[in-house]
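Participant: Pasting in a structure now, in structure tokens, and then I'll have a few things to ask.
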Amino acid sequence: MIDPGMVPTLDPNPLPAPYWVFKLLLVVTFTLHIMAMNLMLGGAAMALLARWRKGNAFGNRIFLDVAKKVPSLMAATISLGIAPLLFVQVLYGQYFYTSSILLAWPWFLVIVFVIAAYYGFYFVAYRGEHRPLAAGRVLLFSTTLVLLVGFIYTNNITLGLAPTRWAHKYFNSASGWHLNLAEPTLFPRYLHFMTSAVAVGGLLLVLMAWAKWKQEREYAVALFQFGGKAFMYANMAQIVIGMAFLMSLPREVRMLFMGDSPLASALLGIGMVGAFAIIFLMSAALRKEDIRLAGLGVTSITAVVIATMCVMRDMVRDAYLKPYLNAQPFAVQTQWSPLLLFLGVFVAGVALWAVMLWRYGFFTKAGAGDK
């Protein structure tokens with residue numbers, strides 16, 4: 001029998017907006033964050049692969065071109081990650097704080113790893129052309145640190161979903177080194193996110209090829225072929241890993257996506273159909289050298305798939321915490337002026353971010369630079 005007393009009591013302060021507003025903002029901001037993270041980590045991975053892949057005439061140029069974008073994508077990842085982290089603390093604070101305390105030292109090291117990785121990315125961006133050997137090693141080091149950050153986050157999130165393990169871990173040792181390595185979903189969940197990043201990193205190269213399609217066709221084709229194939233192969237692996245992740249979930253959670261919940265099942269269907277669609281569309285685009293199909297069609301469907309997966313992730317969390325979590329106890333005292341101000345600034349900020357990416361060249365239409 002579940003003891004509700006094992007979970008800290010809810011913060012008595014009222015929510016400044018309705019519960020559903022925070023849920024919606026959590027999902028939306030996390031989706032934006034994960035897209036930026038995928039571009040950053042996937043871009044770094046693709047740069048490394050381009051550097052070390054034999055027989056690639058443009059390998060070093062791809063390495064430098066992508067590496068120069070990674071620091072900006074890192075900044076976007078961090079900035080867009082603040083909002084969902086805050087919303088998680090508002091809605092799931094007693095779970096998130098407890099798990100953070102249990103793995104306090106790895107959680108603290110996240111800051112150290114992010115700062116060190118950030119410095120490394122900037123070193124490669126500004127010194128990579130003059131110190132190519134060191135740049136490759138530094139980029140590998142920084143990418144490894146980001147992978148470690150992702151692993152720590154996965155441990156924290158999964159431990160926050162398992163209140164029955166907290167007391168045993170804490171009273172066994174108050175060291176603050178309690179990773180959640182015994183969790184069956186830990187590694188499938190982690191690989192699910194990291195493989196997705198590689199796929200989106202391949203898509204980043206496709207978008208770069210689209211921007212250069214009329215200016216430098218030979219280089220653009222090399223970007224397109226390399227990125228498009230990486231995108232396809234990573235998504236093929238992602239389907240297998242995603243199924244493994246689904247099967248590793250507890251039965252009552254897994255069955256939500258296999259018929260118990262029409263909405264959850266529909267979302268899983270959309271995600272699966274979308275995953276197969278982007279693989280086949282990218283394959284067709286590569287065969288026909290149709291950069292528009294890849295740059296516009298595949299990118300749009302991929303964004304829908306990522307958003308769908310983020311909604312499913314939120315449903316999994318609520319299913320795990322269902323025995324403990326109840327939205328009703330939240331007191332609500334809506335403060336309309338701060339809420340409207342936040343929403344206005346948020347929308348403006350996202351719009352500015354999109355414009356910056358467009359001007360930076362990620363989503364420039366083919367031939368737009370030929371002026």
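Participant: Highest mean first, what order results for 93-105, 167-179, 190-202 on Cβ atoms within 10 Å?
Facilitator: Per-residue Cβ counts within 10 Å, averaged per peptide and sorted highest first, yield 190-202, 93-105, 167-179.
Participant: Among the aspartates and glutamates, select those whose C-alpha is under 20 Å from the C-alpha of LYS169, and discard any that sit fewer than 8 residues away in the same chain.
Facilitator: ASP3, GLU183
Participant: Please give every one of the aspartates and glutamates within straight-line cross-link reach of LYS23, meaning a C-alpha to C-alpha distance under 19 Å, and leave out same-chain neighbours fewer than 8 residues apart.
Facilitator: Reachable aspartates and glutamates: ASP11, ASP314, ASP318.
Participant: With +1 on the Cβ of every Lys and Arg and -1 on the Cβ of every Asp and Glu, and nothing else charged, how large is the dipole of the stretch 45-178 about its Cα centre, in debye rounded to the nearest 20?
Facilitator: Magnitude of the dipole: close to 460 debye.
Participant: Could you tell me which of GLY242, ALA211, LEU321 has its Cα farthest along the dipole of the stretch 166-322 towards the positive end, charges placed at Cβ (Lys, Arg +1; Asp, Glu -1), taken about the Cα centre?
Facilitator: In the stretch 166-322, that residue is ALA211.
Participant: Working only with C-alpha atoms, what are the Rg and Dmax values of the stretch 13-183, expressed in angstrom?
Facilitator: Considering the stretch 13-183 through its Cα atoms, Rg and Dmax are 18.8, 61 Å.
Participant: Beyond 20 Å, how much of the Cα-Cα pair distribution for the stretch 203-286 remains, as a whole percent?
Facilitator: Looking at the stretch 203-286, the distances longer than 20 Å represent 48 percent of pairs.
Participant: Per-residue counts of other Cβ atoms within 10 Å, averaged by peptide: what ranking do you get for 82-90, 25-33, highest first?
Facilitator: The peptides rank, most packed first, as 25-33, 82-90.
Participant: Could you state the number of Å between the C-alpha centres of the stretch 129-201 and the stretch 20-93?
Facilitator: If we compute the Cα centre of each part, the gap is 15 Å.
Participant: Return, for the Cα atoms of the chain, the radius of gyration and Dmax in Å, separated by a comma.
Facilitator: 21.5, 70
Participant: Further question: So what is the calculated 222 nm ellipticity per residue for the chain, using -39500 (n - 2.57) for each DSSP H run with n of 4 or more, over all residues, to the nearest 500 deg cm²/dmol?
Facilitator: Helices in the chain give a 222 nm mean residue ellipticity of -25500 deg cm²/dmol.
Participant: May I have the extent of the alpha carbons of the stretch 166-252 along their three principal axes, as whole Å values ordered from largest to smallest?
Facilitator: In descending order, the Cα extents are 64, 30, 15 Å.
Participant: Now for a separate question. How high is the FRET efficiency between GLU129 and ILE82 when r is their beta carbon distance and R₀ equals 22 Å, given to the nearest 0.05?
Facilitator: Calculated transfer efficiency: 0.10.
Participant: Would you mind checking which residues have amide H under 5 Å from LEU15's amide H? H placed 1.01 Å from N; only 5 or more apart, or other chain.
Facilitator: ALA331, VAL332, GLN333
Participant: I've got another one for you. For the stretch 3-48, state the semi-axes of the equivalent ellipsoid (square roots of 5 times the eigenvalues of the alpha-carbon gyration tensor), sorted largest first and rounded to whole angstrom.
Facilitator: Sorted largest first and rounded, they come to 35, 17, 7 Å.
Participant: Same structure, new question: Students often forget the sequence filter, so: which aspartates and glutamates lie under 13 Å Cα-Cα from LYS68 once same-chain residues fewer than 8 apart are removed?
Facilitator: Here the aspartates and glutamates satisfying the reach criterion relative to LYS68 are GLU129.
Participant: While we're here: Rounded to the nearest 10 degrees, what's the angle between the helix 262-288 long axis and the longest principal axis of the chain, both from Cα atoms, 0 to 90?
Facilitator: 10 degrees
Participant: Find which of TRP20, GLY160, PHE280 sits farthest along the positive direction of the dipole of the chain, computed with +1 on the beta-carbon of Lys and Arg, -1 on that of Asp and Glu, about the Cα centre.
Facilitator: PHE280
Read-outs: derived from the displayed coordinates by stated rules, not from any lab. The model shown is predicted, which means the values in this text are computed figures rather than measured ones. Note that each Cβ is placed from the backbone with ideal geometry, even for glycine, and that neighbours are counted across all protein chains shown.
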